[in-house]
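> Questions regarding the structure given below will be posed in turn.
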Amino acid sequence: MPMAQWLEAYGNPTVLATGGALIGGLFGFFAQRSRFCLRAAVIEFWHRRFGDKLSVWLLAFASAVITVQLMVLMGWLDTNNARQISATGSLSGALIGGLTFGIGMVMTRGCASRLLVLSANGNLRALLSGLIFAVTAQSALSGVLSPLRLAISSWWTIPGGAARDLLAITGLGHGAGLAMGGVWLIAALYFSWRSPQRSLWMWVGGIGTGLMVAAAWGFSQWVARESFDPVQIQGLTFSGPSAEWLMRVVQWPWPPIGFEFGLMPGVFLGSLVGALIGKDWKLEGFTDGYSMRRYIGGAILMGFGSMLAGGCAVGAGVTGGAIFALTAWVSLVGMWAGAGLTDRWLDGGTSASTKPSQPMPLSGFTAP
């Protein structure tokens, strides 16, 4: 059935929510099986241990960039209509929000998407941190923290349009964006081949995770083109949807459903399936009071930082980075810097993420 008939039969909200659930389910599965995590990748980078975790993140990022730029070149996606480019942005919010998010990401040992994935795997630390993240994000969006967010964001704003498009600013064009994605893919393949923990899941899961980021852009653009009603194209992000799902729990009537409505449960279920297949599901909790305080503090910083930066590690970092939104790249740099400095300060550069991890074979096959 063509998209126009689906929209006519079921309506925009139902179609968007269904697409969000399917894309989210695949994202959760691939992210769980590949151990996709920006925090782990950043720590490997700063410790100069270019191993499997950095490789997975680069595979996901490169796959997203290449696929998104190909869709633009083929006329399937118009990134000029994306919120990260079309709306007024804040460089001060992007930088400070990115730094704040990076600090919190290290304290909670995972970004927003990773917390959701780990929650589905039975990790109660991640579940509590995710709930606090959602509460803080909602507070920063329209609650007690909103005035502070608005004040910081107002320090250095930029207009929407070409001023927020890195490819337009530099005059390079989408062909150059595609080429840069190819360079990152080569780097990812090189680091993954050198990693002693390399496995087929590293490649399949990493690339699959990035493809789901691109799929979100492509799906929402498809709906926007076929719908008679205005539809905002969007990619994957977890800060706004987390806050939205919190409001569904505490408020009635519910906010209108859309892509985000299906995304969050989709990621959770996809990760749960991945954990059950890989026999990774187990209940885990806090070991002491210090770790609990650390996770709670980190979740608060992540929630505020994500709303200030305009997205989380996936939303601003990969989704926004794939369309070369200026503020997204500033946020991503802030996340890498904030996470690296915090790891050095809190853990003395001896994070568990720098230790070799166990291989992740796929059906018993591991790369030589």
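> Name the residues in segment 247-280 that are open to solvent by less than 50 Å² (accessible area, probe 1.4 Å), closer than 20 Å to Thr14 by Cβ and in a loop (DSSP other than H, G, I, E, B), would you?
Within segment 247-280, Pro255, Gly258 meet the criteria.
> Still on this structure, please answer the following. Report whether or not Trp155 is modelled with pLDDT of 95 or more, over 18 Å from Thr319 (Cα atoms), hydrophobic (A, V, I, L, M, F, W, C) and over 24 Å from the mean Cα position of the chain (by Cα).
Spelling it out, Trp155 is indeed modelled with pLDDT of 95 or more, over 18 Å from Thr319 (Cα atoms), hydrophobic (A, V, I, L, M, F, W, C) and over 24 Å from the mean Cα position of the chain (by Cα).
> What tally of residues in segment 116-145 results from selecting those that are touching a helix residue (DSSP H, G or I) at 6+ places or on another chain (Cβ under 6 Å) and part of a helix (DSSP H, G or I)?
18
> Output the residue which, of all residues in segment 290-328 that are open to solvent by less than 10 Å² (accessible area, probe 1.4 Å) and either among the basic types (Lys, Arg) or not in a helix (DSSP H, G or I) (or both), is farthest from Ala82 (Cα to Cα).
Once the filter is applied, the top-ranked residue is Cys312.
> So which residues in segment 223-238 are at pLDDT below 90 and either in contact with an Asp or Glu (Cβ under 6 Å, 6 or more places away or on another chain) or hydroxyl-bearing (Ser, Thr, Tyr) (or both)?
Listed by number, the list holds a single entry, Ser227.
> Could you tell me which of the residues Phe27, Phe50, Phe45 is open to solvent by less than 20 Å² (accessible area, probe 1.4 Å) and in contact with a helix residue (DSSP H, G or I) (Cβ under 7 Å, 6 or more places away or on another chain)?
Just a single option satisfies the conditions, and that option is Phe27.
> If I ask for residues that are open to solvent by less than 30 Å² (accessible area, probe 1.4 Å) and farther than 19 Å from Leu95 by Cα, which ones from segment 162-178 would you list?
Listed by number, the residues that qualify are Leu167, Gly173, Ala176, Gly177.
> Only one of (1) touching an Asp or Glu at 6+ places or on another chain (Cβ under 9 Å); (2) open to solvent by less than 30 Å² (accessible area, probe 1.4 Å); (3) not hydroxyl-bearing (Ser, Thr, Tyr) is not met by Gly208, so which one is it?
(1)
> For segment 146-153, check the following and say yes or no: at least one residue is of a type in the set (D, E, K, R), on the phi < 0 side of the Ramachandran plot and touching a helix residue (DSSP H, G or I) at 6+ places or on another chain (Cβ under 7 Å).
Yes, the conditions are met somewhere in segment 146-153.
Residue-wise test of (1) open to solvent by less than 40 Å² (accessible area, probe 1.4 Å); (2) not in a helix (DSSP H, G or I).
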site: Ile66; (1), (2): yes, no
site: Val72; (1), (2): yes, no
site: Leu95; (1), (2): no, no
site: Gly104; (1), (2): yes, no
site: Met107; (1), (2): yes, no
site: Gly110; (1), (2): yes, yes
site: Arg114; (1), (2): yes, no
site: Gly160; (1), (2): yes, yes
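> From the residues in segment 229-246 that are open to solvent by 20 Å² or more (accessible area, probe 1.4 Å) and polar (S, T, N, Q), which one is farthest from the chain's Cα centre (by Cα)?
Here the answer is Gln232.
The values are calculated or read from the model by the stated rules, or taken from the named source; none is laboratory data. Note that the coordinates shown come from a computational prediction; the quantities given were computed from them, not determined experimentally. Heads up, the Cβs are rebuilt from the backbone with ideal geometry, glycines too, and the neighbour counts pull from every protein chain shown. The area values use the complete protein model at the heavy-atom level, side chains included, leaving out ligands, DNA and RNA. Shrake-Rupley method; radii C 1.70, N 1.55, O 1.52, S 1.80 Å.
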